[in-house]
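Asks: There's a structure below that I have some questions on.
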Amino acid sequence: MGKIFCLIGKSSCGKDTLYKRILSEGSLPLKTLVSYTTRPIRDGETDGVEYYFLTEKQLAVLELENKIIELRAYHTVHGIWKYFTVNDHQIDLLKNDYLVIGTLESFQKLRAYFGSDKLVPLYIEVDAGERLQRALNRERLQQEPKYAELCRRFLADEADFSSEKLTQAGITDVFHNNNLDDCLKELITYIKNILCFSQEKADNINK
């Protein structure tokens, strides 16, 4: 059975960059599992790459078809934005291992849906001041910067990723993204070790 490696962390901790760099690592046979959202697409994003961008009506259809694995709704200053995972054509754990980007909440719901033996958390941490500066730099590049939403999300993340909640979720390993290249190497080594151990276990069972 395959594994789902879930990159978790506060906003602007470098998840998107690490995600792309890990996938570009040729020795890791990881498939992508793109999440869905109803929030507006940002400058530089592509539908089907960062997210599948759907309308509320499209989401309602998926809910009627019982295809929603997990869904989170956030009350932003621009309205309610929803993020969700769909049991669609992307998922086949009998054949593949996956890398996804998620939140603490989505990780726990995916684990409940697929089983704790299938989900592997990769928690990324960055100093709060550095994270806030990165978020500000990124928002300035938008055609219409949403600074109020940036501040709301920063404060919400501080609460959502408290040490108590991380402990409750069973997350003990932390990858510090103070230096992108060093963090990337650490993540790749960790993933390879997990995959090698899983393969050895499968080989022993089949003997």
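The values are calculated or read from the model by the stated rules, or taken from the named source; none is laboratory data. Keep in mind the model is a prediction, meaning the values are calculated, not measured. Glycine also receives a Cβ, built like all others from the backbone with ideal geometry; neighbour counts cover every protein chain displayed. Quick note on the areas: whole protein, heavy atoms, side chains included, nothing else; ligands and nucleic acids left out. Shrake-Rupley method; radii C 1.70, N 1.55, O 1.52, S 1.80 Å.
Asks: When we measure straight from the Cα of K20, which aspartates and glutamates land under 16 angstrom away, once same-chain ones fewer than 8 places off are left out?
Replies: Candidates past the 8-residue exclusion: E45, D47, E50, D97, D181, D182, E186.
Asks: Let me ask another. What is the distance in Å between the Cα centroid of the stretch 1-46 and that of the stretch 47-110?
Replies: A separation of 13 Å, based on Cα centres.
Asks: Give me the 1.4 Å probe accessible area per residue for the chain, excluding ligands and nucleic acids, in Å².
Replies: 56
Asks: Another question, then. Rounded to the nearest 0.05, what FRET efficiency do H75 and I41 give with R0 = 22 Å and r taken as the Cβ-Cβ distance? Could you check?
Replies: After rounding, the FRET efficiency stands at 0.65.
Asks: Can you list residues from other chains, or at least 5 along the same chain, whose modelled amide H is less than 5 Å from the amide H of I69?
Replies: Answer set, sorted by chain and number: T85, V86, N87.
Asks: Taking a virtual spin label 7 Å from the Cα of E149 along the C-beta vector, which residues in the stretch 73-103 bring their backbone nitrogen under 12 Å of it?
Replies: 74-82, by backbone N distance to the label point.
Asks: Also: Rounding to the nearest 20 debye, state how big the charge dipole of the chain is about its Cα centre with +1 on each Lys and Arg Cβ and -1 on each Asp and Glu Cβ.
Replies: With Lys and Arg at +1 and Asp and Glu at -1, about 180 debye.
Asks: Sticking with this one: Whose amide H sits under 5 Å from the amide H of I4, counting only residues 5 or more places off or on another chain, with H placed in the peptide plane?
Replies: Result for I4 returns Y98, L119, V120.
Asks: Here's a follow-up. Ignoring ligands, DNA and RNA, please state the percent of accessible area on the chain from carbon and sulfur, probe 1.4 Å.
Replies: 51
Asks: Suppose only helical runs count, i.e. DSSP H with n ≥ 4. What mean residue ellipticity at 222 nm does that imply for the chain under -39500 (n - 2.57) per run, divided by all residues and rounded to the nearest 500 deg cm²/dmol?
Replies: -13500 deg cm²/dmol
Asks: Could you give each residue of the stretch 128-135 its phi-based ³J(HN,Hα) in whole Hz, using Karplus coefficients 6.51, -1.76, 1.60 with θ = phi - 60°, and x for Gly or Pro?
Replies: 4, x, 5, 5, 5, 5, 4, 5
Asks: Would you mind calculating the gained length between D117 and N193 on full extension (0.36 nm times residue separation, minus the Cα-Cα distance), in nm to one decimal?
Replies: 25.9 nm
Asks: To continue, here is another question. Counting DSSP beta bridges with both partners in the chain, what percentage is antiparallel, nearest 5?
Replies: 35
Asks: At 7 Å along Cα-to-Cβ for each site, give me the label-to-label distance between R140 and V34 in nm.
Replies: About 3.1 nm separates the two model spin labels.
Asks: Candidates (1) 17.4, 60; (2) 15.9, 49; (3) 15.9, 46; which is the computed Rg and Dmax of the Cα atoms in Å?
Replies: Looking at Rg and Dmax of the Cα atoms in Å for this model, the match is (1).
Asks: Taking 0.36 nm per residue of separation and subtracting the Cα-Cα distance, what length does fully extending N96 through Q168 add? Could you put the intermediate results ahead of the total?
Replies: Working: separation 72, 0.36 × 72 = 25.92 nm, distance 2.84 nm.
Stretched out fully, the N96 to Q168 stretch lengthens by 23.1 nm.
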